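Okay, so here's the structure we're looking at.
The values are calculated or read from the model by the stated rules, or taken from the named source; none is laboratory data. Keep in mind the model is a prediction, meaning the values are calculated, not measured. Cβ placement follows ideal geometry from the backbone for every residue including glycine, while neighbour counts extend to all protein chains displayed.
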RNA sequence: ACCGGAGUAGCUCAGCUGGUUAGAGCGUCGGAAUCAUAAUCCGUAGGUCGGGGGUUCAAGUCCCUCCUCCGGUACCA
């Protein structure tokens with residue numbers, strides 16, 4: 001018997017310094033989960049590992065700031081994020097953590113192999129040392145005067161005032177951010193990994209990767225062009241894994257060297273839990289295992305260059321097979337950030353929306369090729385117009401019909417009913433498979449939803465509500481087909497919205513026995529089988545008021561307001577824009593300047609109402625084209641529901657006056 | 001600064017190695033239908049593909065340049 005292809009899938013470890021936000025989900029968790037679920041439906045031999053990344057300066061810093069120990073920080077966020085992922089249906093085989101003793105051991109062992117092989121070398125560099133604290137200070141623990149602009153609170157790595165990149169040694173009058181102590185310069189010996197020596201091997205290895213995303217490949221090629229730099233792999237920090245060599249035992253392993261090894265440790269933990277402590281080797285140490293890293297674009301260099309180089313140096317492990325890196329998910333034009341936007345944190349989002357709705361909304365707008373936009377209106381619209389209207393409605397209309405006309409039992413097959421629908425669905429499933437193989441999840445989802453559209457069309461075209469009156473047997477056959485299709489849809493959708501698939505099985509009163517990819521388009525429910533109780537899969541949603549009030553409450557400063565130049569202007573002419581219901585093209589005079597503004601007020605005013613009026617305009621708005629007509633500003637109006645009134649001044653004012 | 005990526009219909013996005021009239025979903029407008037969560041199905045309109053040059057019989061797709069946005073590079077993780 002042929003041995004099955006083995007897969008290891010990883011999502012980038014989550015840094016346990018804050019709550020997971022939707023950007024992480026879009027970048028690495030959700031695509032990996034979708035992929036893994038698809039593979040499992042195919043019966044593939046796949047393990048999905050992830051965990052918390054729990055060492056490094058940032059966590060130490062947070063701990064100091066909050067006045068707690070690093071352990072408290074990581075425990076809090078590890079548990080919280082693990083729960084968020086579970087609630088969202090991310091189906092890890094294991095979600096481990098780098099603070100586990102097993103990881104410490106694995107990382108130290110890995111490090112020691114590199115050292116014993118003579119790969120690492122020592123180099124002395126200069127660092128700032130606080131005698132009061134008796135420790136070396138990492139860049140972000142240092143503050144001082146910027147040598148370029150004189151800003152007094154420049155950080156050790158960069159001046160926020162002038163943007164200059166700095167090294168802590170350049171700072172004038174450096175101070176420890178922790179104690180305020182003035183550090184001294186001290187020599188420190190560090191171990192380095194000779195990344196530059198691996199450039200040729202890496203280049204050759206990467207050149208053979210024909211099916212990688214071009215942006216990932218190009219990015220690496222760019223690195224080769226400038227030449228890889230050797231990297232320090234030790235740090236003078238407290239919060240980390242101690243270097244396993246006596247001479248350096250007061251140092252820790254640099255977190256980016258140690259963290260990726262966490263994928264290996266997590267796999268060990270997994271099989272230890274399963275009582276097969278050596279089985280991890282069958283994955284990590286078999287050359288034909290496919291290792292796939294899912295991650296965001298900020299992580300590419302570590303997974304495509306540094307980690308593979310380390311694995312090459314070590315020699316015992318499989319190298320990554322593919323890195324389907326995603327771009328970023330933005331929210332309201334801004335990128336996700338832990339410091340702002342409460343709504344973007346997974347645990348909060350799940351208080352408002354069902355996990356499948358979030359999964360669907362993100363999957364359908366996944367940043368596969370470029371940064372994408374995400375907003376709550378989209379989520380609501382996709383729920384109402386796609387999940388509820390197309391998928392939910394199909395299931396509901398079939399089940400309700402079956403209940404009222406066929407006593408909630410799968411009706412008998414009929415020889416006259418068209419069965420091409422099953423072929424179409426199988427064809428679609430093949431296409432969807434090929435999208436999954438290429439990591440094209442958005443396309444896969446589009447095609448999946450198209451299957452639900454096909455189902456609705458089949459129902460519409462056969463008009464069972466008419467058949468029931470004049471050809472009951474045929475009607476039964478159509479409904480039988482529809483019920484089989486629901487089961488297929490349950491399978492097809494399960495990588496994306498697994499909770500819904502469970503609900504579908506409940507509605508069908510069916511177990512998981514034939515819930516596999518090869519059963520798509522098959523007739524798996526026998527006539528006479530009694531259906532379960534019907535449930536609305538996706539209730540209609542309204543846009544939460546929260547979002548609106550959050551926007552309203554956002555305060556601005558007087559400086560920000562003064563950026564908006566408001567002026568009075570006189571309406572010289574006004575005409576309707578052809579083919580538009582709402583738009584008028586207005587010519588206005590503001591002082592000596594004439595402007596053309598396109599404004600959406602045609603439903604509320606007639607042109608003659610407006611001509612001669614003194615109105616208020618935004619004078620310095622970037623010009624834009626509306627219906628192909630240039631608009632050089634904006635006319636202010638008050639709007640409440642369907643009522644709209646333009647803003648005018650309280651009489652006796654000329655055009656061209658400033659409004660403030 | 002340098003390296004990589006992105007700028008395509010009102011909105012959110014596809015467009016693989018250059019090749020017939022630039023695609024999808026939503027939204028818009030119109031029609032059919034009424035079993036269904038007023039949910040479905042069919043059709044319509046809408047783009048000088050960021051600006052400007054160039055190569056080619058042919059460019060959204062290749063080259064140059066400019067503008068805007070994102071990520072990376074600094075022992076930040």
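Below is a table of values for the structure above.
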| quantity | calculated |
| --- | --- |
| Residue satisfying all of: in the range A:210-229; touching a helix residue (DSSP H, G or I) at 6+ places or on another chain (Cβ under 7 Å) and touching a residue at least 40 places away in the same chain (Cβ under 8 Å); surrounded by the fewest Cβ atoms within 10 Å (Cβ to Cβ) among these | A:219 |
| Subset of the range A:162-182 [within 22 Å of residue A:124 (Cβ to Cβ), within 13 Å of RNA strand B (Cβ to nearest atom), at pLDDT 65 or above and surrounded by 16 or more Cβ atoms within 10 Å (Cβ to Cβ)] | A:168, A:170, A:171 |
| Neighbours by Cβ (under 8 Å, 6+ apart or cross-chain): first from the range A:457-471, under 16 Å from residue A:393 (Cβ atoms); second near RNA strand B (Cβ under 6 Å from one of its atoms) | A:459/A:397; A:464/A:401; A:465/A:401 |
| Conditions (1) within 9 Å of RNA strand B (Cβ to nearest atom); (2) assigned to a helix (DSSP H, G or I); (3) surrounded by 10 or more Cβ atoms within 10 Å (Cβ to Cβ): number failed by residue A:237 | (2) |
| Residue in the range A:475-496 that is within 15 Å of RNA strand B (Cβ to nearest atom), free of Cβ contacts under 8 Å to residues at least 24 places away in the same chain and assigned to a helix (DSSP H, G or I) present | no |
| Test result for residue A:413, closer than 13 Å to residue A:484 by Cα, more than 7 Å from RNA strand B (Cβ to nearest atom) and either assigned to a loop (DSSP other than H, G, I, E, B) or touching a strand residue (DSSP E or B) at 6+ places or on another chain (Cβ under 6 Å) (or both) | yes |
| Residues (surrounded by fewer than 21 Cβ atoms within 10 Å (Cβ to Cβ) and touching a helix residue (DSSP H, G or I) at 6+ places or on another chain (Cβ under 7 Å)) located in the range A:459-497 | A:462, A:467, A:468, A:474 |
| Residues of the range A:380-396 classified as without any contact (Cβ under 8 Å) to a residue 40 or more places away in the chain and more than 6 Å from RNA strand B (Cβ to nearest atom), total | 1 |
| Only listed residue being in contact with a helix residue (DSSP H, G or I) (Cβ under 7 Å, 6 or more places away or on another chain) and part of a helix (DSSP H, G or I), chosen from A:395, A:380, A:400 | A:395 |
| The listed residue being touching a residue at least 24 places away in the same chain (Cβ under 8 Å) and within 15 Å of RNA strand B (Cβ to nearest atom), out of A:34, A:59 | A:59 |
| Qualifying positions in the range A:344-375 - buried (at least 18 other Cβ atoms within 10 Å of the Cβ), in a helix (DSSP H, G or I) and more than 12 Å from RNA strand B (Cβ to nearest atom) | A:344, A:346, A:349, A:355, A:358, A:359 |
| Helices (runs of 4 or more DSSP H) fully within the range A:247-322 counting 3 or more residues that are within 24 Å of the chain's Cα centre (by Cα) | A:261-273 |
| Residue A:424 vs. criteria farther than 30 Å from residue A:329 by Cβ, more than 9 Å from RNA strand B (Cβ to nearest atom), in contact (Cβ under 8 Å) with a residue 24 or more places away in the chain and surrounded by fewer than 19 Cβ atoms within 10 Å (Cβ to Cβ) | yes |
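Condition check ((1) part of a loop (DSSP other than H, G, I, E, B); (2) more than 16 Å from RNA strand B (Cβ to nearest atom); (3) surrounded by 18 or more Cβ atoms within 10 Å (Cβ to Cβ); (4) modelled with pLDDT under 95) across all residues:
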position: A:79; (1), (2), (3), (4): no, yes, no, no
position: A:82; (1), (2), (3), (4): no, yes, yes, no
position: A:95; (1), (2), (3), (4): no, yes, yes, no
position: A:106; (1), (2), (3), (4): no, yes, yes, no
position: A:113; (1), (2), (3), (4): no, yes, no, no
position: A:123; (1), (2), (3), (4): no, no, no, yes
position: A:160; (1), (2), (3), (4): yes, no, no, yes
